[in-house]
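Worksheet: one structure, shown below.
Read the figures in this text as sums done on the coordinates, not as results from a lab. Nothing here was measured: the structure is a model prediction, and the numbers come from that model. Neighbour counts are summed over all protein chains in view; Cβ atoms, including those assigned to glycine, are modelled from backbone coordinates with ideal geometry.
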Amino acid sequence: RLPLVEAAAEGHTDAVLLLVDRGAEIDGADEDGWTALLLAAEAGHLLTVRALLEWGADPAVTTDFDWTVLMAAAYSGRAGLDLNARDVDGWTALWAAAYDGRRRVVELLADAGADFELPDSDGATPLMAAAAEGHEDVVQLLIERGADPLAESEGGTALGFAAVLGHGEVVTLLTAAIGPEHPQAAEALLLASVAGEVDAVEALLEAGVDPDRTQDDVAPLMAAAAKGQDDVVDLLLAAGADPSLRDEDDWTAADFADAGGHLWLASRLARAEKEWTARNVTARGS
């Protein structure tokens, strides 16, 4: 091991400064990529860390397996770090790592005791951040660690964010976590239908979410029809959605499509409604 690295690991600050002054490479690393700064941080030698930084050590340096200075100090539980410190937006280090999709960092911070449920200033949790960005591996990790998939923020839920942004694989994970019968799953299907997010709609339907379950008297087929989302309409009809359903104003999906100016889709839904009604009359007659 390099003399500078060895001195830093032991917290011998005077020796560290002497070696640097005599030309030792301040960011020189051992065979595993550990520099003087990384080892001083891991061992909790604050004076040595401060001295190295003042003399120009690179704070962004990492080991061969991508440990940062913060991770080294956090994982050892030393240096008096506040792992749950927040910035002006309420982001913690773990929240930021979840948002960026840095699974290993999230894992290490959680192992070191960081709170993986702390929300930002808008009430969004790290799980919501990861879901909104489509980071499937981080979502999986947080669920395994016990993060609440049903938590709600001012903007919505983890499943709702994933659905409206079209992250189908994340939608599958979260729907499995909360169950397809949960109201949040029905809400997610409605949101994805409005947004025209085919992958999310398909994932929700495959997970067993009822295509006819309404939210505020609006069915997913009605919502998709109103926005002219042809592909979503196809998926919903194929999944058995009822085109004859009516809201409190006696409107069907065809009426919503017509009101939205989607005349071809309105005509198609009107035909689907007639066929559906005829099939049911025949079924009752037999």
Rounded D (µm²/s) - the range 115-201, Kirkwood Rh over Cα pairs, Stokes-Einstein at 20 °C, 1.002 mPa s = 174 µm²/s
Ratio of the Cα radius of gyration of the range 8-53 to 2.2 N^0.38 Å, where N counts its residues | 1.01
Label zone at ALA238 (point 7 Å along Cα-to-Cβ), backbone N below 20 Å, the range 178-194 | 189-194
Calculated FRET value between ARG104 and ASP14, using beta carbons and R₀ = 51 Å, to 0.05 = 0.90
The whole-number value in µm²/s of the Stokes-Einstein translational diffusion coefficient for the range 221-270, with Rh from the Kirkwood sum over alpha carbon pairs at 37 °C and 0.692 mPa s, is 321 µm²/s
Which of the listed residues, ALA241, GLY260, HIS167, is farthest toward the dipole's positive end in the range 160-260, when Lys, Arg count +1 and Asp, Glu count -1 at the beta-carbon?
-> HIS167
The exposure ranking of LYS274, LYS227, fewest beta-carbon neighbours within 10 Å first, is LYS274, LYS227
Based on the Kirkwood radius over alpha-carbon pairs, what value in µm²/s does the Stokes-Einstein equation return for the translational diffusion coefficient of the range 1-139 at 4 °C and 1.567 mPa s?
-> 82 µm²/s
Report the residues of the range 169-196 in range of a label on ALA151: point 7 Å along Cα→C-beta, backbone N strictly under 20 Å from it.
-> 170-179, 183-185, 188
Pairs of alpha carbons in the range 154-278 whose separation is greater than 19 Å (percent) = 40 percent
Placing +1 at every Lys and Arg Cβ and -1 at every Asp and Glu Cβ, with all other atoms neutral, what dipole size does the range 159-286 have around its Cα centre, in debye to the nearest 20?
-> 380 debye
In debye, nearest 20, what is the charge dipole magnitude of the chain about its Cα centre with +1 on Lys and Arg Cβ and -1 on Asp and Glu Cβ, if you could check?
-> 360 debye
Please label the shape of the chain as rounded, prolate or oblate, based on the square roots a ≥ b ≥ c of the eigenvalues of the alpha-carbon gyration tensor (a/c under 1.5 means rounded; beyond that, a/b larger than b/c means prolate, else oblate).
-> prolate
For the range 165-223, with equal point scatterers placed on the C-alpha atoms only and solvent neglected, what are the log10 I(q)/I(0) values from the Debye formula at q = 0.20, 0.25 1/Å, to two decimals?
-> -0.60, -0.94
Inverse mean reciprocal Cα-Cα distance (Kirkwood Rh) of the range 94-145, Å | 10.4 Å
